[in-house]
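Reviewing the structure listed below.
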Amino acid sequence: MIKFEELTLGEIEEIEMLLGRSVDEAFADGQPKGRALRVFYFIVKRRDDANYKFEDTEKVSQSEALALLAGNDPKGK
């Protein structure tokens, strides 16, 4: 599970740079969530695999991303 308060300041900055807006804005009602999910998924995966690339998130299903972010990685990784 990703806990916002456990993100490093560098990770928060990178998330906002990749999103082009603040985290608060990214998850505001009515805002597109696809890119935000990709960015958070990328940050979490890269913690375990320094070679994981943002482009690798393109084919991740929404259910897989949500499971990993909730701490229930369906692939057991």
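The values are calculated or read from the model by the stated rules, or taken from the named source; none is laboratory data. What you are looking at is a predicted structure, and each value in this text was computed from that prediction instead of being measured. A quick note on method: Cβ atoms are made from the backbone with ideal geometry, for glycine too, and the neighbour counts reach across all protein chains shown. Protein only, heavy atoms only, side chains kept; ligands, DNA and RNA dropped before computing areas. Shrake-Rupley method; radii C 1.70, N 1.55, O 1.52, S 1.80 Å.
Of the residues in the stretch 50-71, at least one is assigned to a loop (DSSP other than H, G, I, E, B) and in contact (Cβ under 8 Å) with a residue 40 or more places away in the chain. Within the stretch 29-63, the residues that satisfy the criterion of being among the small types (Gly, Ala, Ser), open to solvent by 40 Å² or more (accessible area, probe 1.4 Å) and more than 16 Å from Gly10 (Cα to Cα) are Gly30, Gly34, Ser61, Ser63.
Taken over the stretch 41-74, the criterion of being β-branched (Val, Ile, Thr) and under 18 Å from Glu6 (Cα atoms) is satisfied by Ile43, Val44.
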